[in-house]
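Take a look at the following structure, please.
Please treat every number below as a calculation from the coordinates, not as lab data. Model, not experiment: these values are computed from the prediction. Cβ coordinates were reconstructed from backbone atoms using ideal geometry, including for glycine residues, and neighbour counts include every protein chain displayed.
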Amino acid sequence: MADQELRADDDADSGFEDAASLQSTSLSSSILNYTYENGRRYHAYRSGSYPLPNDETEQDRMDLLHHIWRTMLGGELLRKRPTNPQRILDVGTGTGIWAIETADEYPEAIVLGTDLSPIQPGWVPPNCSFYVDDAESDWTYEPFDLIHGRSLGGSISDWPRFYKQCFDTLRPGGLLEMQEHDAWISTIEKEMPPWTDSWNVTLNEASALFGKYLNVADKHVGWMRDAGFVEVEEQIHKIPIGSWAKHHKDLGRIHLSEMLNAVEPYTLALYTKVLQKSLDETKVTIEMVKREFCTRKHHLYVNYRFITAKKPG
Ligand SMILES: C[S@@+](CC[C@H](N)C(=O)[O-])C[C@H]1O[C@@H](n2cnc3c(N)ncnc32)[C@H](O)[C@@H]1O
């Protein structure tokens, strides 16, 4: 399914004692001291350092996107399966859905998921644990056989440092897999619809001002090579927003639903807090972009990228 040309369909309608940087295994009140703004709930640990909400609505969106990522891989969790991994890290694990399913798939491995938000469920496989941690802190983990991160554009301010920590924390021969989507809507036509066009630019300008640039998915290959990784490969999947393409009709439909739920969380804080736009103006932008996603005359898509690499060993 990777890199398929998109054409419009004319007929269509536990115990990680080694990790000193980890904040807590129990829920101290400070990490649950969520803030609420414009009807959305935001994380408390290192409050304000990540601009998207962590409420149920956002968790549902992340879980739907998990389904989309897996569908692109024909049901797999990883593009490159590791051999007999013992220790796996999922950075910025979100609801923990990837870590939980990976723990089920590799029962011999210990799977650790970290996030700023303690939003993962309590009932998880015995080989899976979650910790509140900032991926931008110094890493003090024991070596891993595999490090995975997904949809982390806008979460990290210093990617070269992030990849140096990945490199240093992997055992020789260990695997790195990032699954990242462009934070930029593309079209098969010459011109973007106007609201989406302006949103692409403005949202990314806001993220740059915030200090955690959103649209970095196409930079990972270079960053991984610079950090010393070898066998760096990228596989790109173009996923339509809606069912307009000959391929991926069902996935496109689900993707549209996910994208309609993505516009508000990505836009709200960056527009109102960073760009100081009024809530009314921000809400108009959100609604108009969503409207353009739904209009059948537009043929919009997003690039989803699987970037895999190995630490020499
Ligand atoms: C878009 S979500 C993706 C979640 C998950 N990786 C997935 O694919 O389902 C990004 C996640 O990264 C977390 N995050 C953002 N910045 C972080 C940081 N500096 N350290 C750890 N987690 C972070 C957020 O709290 C959020 O849960």
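List, in order, the whole-Hz ³J(HN,Hα) value for each residue of the stretch 183-200 obtained from phi through the Karplus relation with A = 6.51, B = -1.76, C = 1.60 and θ = phi - 60°; use x for Gly and Pro.
So the J values, rounded to whole Hz, are 9, 7, 7, 10, 9, 7, 8, 6, 10, 7, x, x, 5, 5, 4, 5, 5, 3.
So if I take the centroid of the Cα atoms in the stretch 254-310 and the same for the stretch 38-77, what is the distance between those two points in Å?
14
Express in nm, to one decimal, how much length is gained between Leu64 and Glu191 on full extension, taking 0.36 nm for each residue of separation and deducting their alpha carbon distance.
Extra length from Leu64 to Glu191 when fully extended: 42.8 nm.
What does the charge count around Leu176 come to, taking other residues whose C-beta lies under 9 Å from its C-beta (Lys +1, Arg +1, Asp -1, Glu -1)?
Computed value for this residue: +1.
Net charge within 10 Å of His220 by Cβ-Cβ distance, Lys/Arg positive one each and Asp/Glu negative one each, not counting His220 itself?
Net charge in that neighbourhood comes out at 0.
Please sort by residue number the GluC sites (Glu not before Pro) in the stretch 77-165 whose DSSP state is loop and whose Cβ has at most 10 other Cβ atoms within 10 Å.
The qualifying sites are Glu108.
Could you point to the residue in Thr95, Leu209, Leu268 farthest towards the positive end of the chain's charge dipole, with +1 and -1 charges on the Cβ of Lys/Arg and Asp/Glu respectively?
Leu209
Let me ask something else. Using a Förster radius of 45 Å, what is the FRET efficiency between Asp250 and Ala208 based on their Cβ-Cβ separation? Nearest 0.05, please.
0.80
Still on this model: Quick check on the stretch 89-168: what are the equivalent-ellipsoid semi-axes from the Cα gyration tensor, as sqrt(5λ), descending, whole Å?
Whole-Å semi-axes of the equivalent ellipsoid: 21, 14, 10.
In whole Hz and in residue order, list the ³J(HN,Hα) couplings for the stretch 203-215 that follow from phi through the Karplus curve 6.51 cos²θ - 1.76 cosθ + 1.60, θ = phi - 60°; x for Gly and Pro.
Once θ is set to phi - 60°, the couplings for the stretch 203-215 become 4, 6, 4, 4, 5, 5, 4, 5, x, 9, 4, 7, 8 Hz.
What Kirkwood hydrodynamic radius, in Å, does the stretch 46-122 give when the mean of 1/r is taken over all pairs of distinct Cα atoms and then inverted?
13.5
Another one. About its Cα centre, what dipole magnitude does the stretch 136-265 give when the only charges are +1 on Lys and Arg Cβ and -1 on Asp and Glu Cβ, stated in debye to the nearest 20?
The calculation lands at about 280 debye.
Quick one: length gained pulling Thr295 to Trp123 fully straight, 0.36 nm per residue minus the C-alpha distance?
57.8 nm
Any idea what the dipole of the stretch 29-310 comes to, in debye rounded to 20, about its Cα centre with Lys/Arg Cβ at +1 and Asp/Glu Cβ at -1?
Once rounded to the nearest 20, the dipole reads 660 debye.
Then there is this: What number in nm² do you get for the stretch 29-310 if you take the convex hull of its Cα atoms and divide its surface by four?
Dividing the Cα hull surface by four gives the mean projection, 14.4 nm².
If you don't mind, another one. So which GluC sites (Glu not before Pro) in the stretch 165-222 are both in a DSSP loop and have at most 15 other Cβ atoms within 10 Å of their Cβ?
Taking the stretch 165-222 and a limit of 15 other Cβ atoms within 10 Å, the loop GluC sites (Glu not before Pro) found are Glu189, Glu191.
Kindly flag which residue pairs out of Lys219/Lys273; Lys80/Lys310; Lys212/Lys311; Lys212/Lys238 have an alpha-carbon separation exceeding 19 Å in this structure.
The answer is Lys219/Lys273; Lys212/Lys311; Lys212/Lys238.
Work out, step by step, the length gained on full extension between Lys273 and Glu142: first 0.36 nm times the residue separation, then minus their alpha carbon distance; give nm to one decimal.
Roughly 43.4 nm would be gained on extension.
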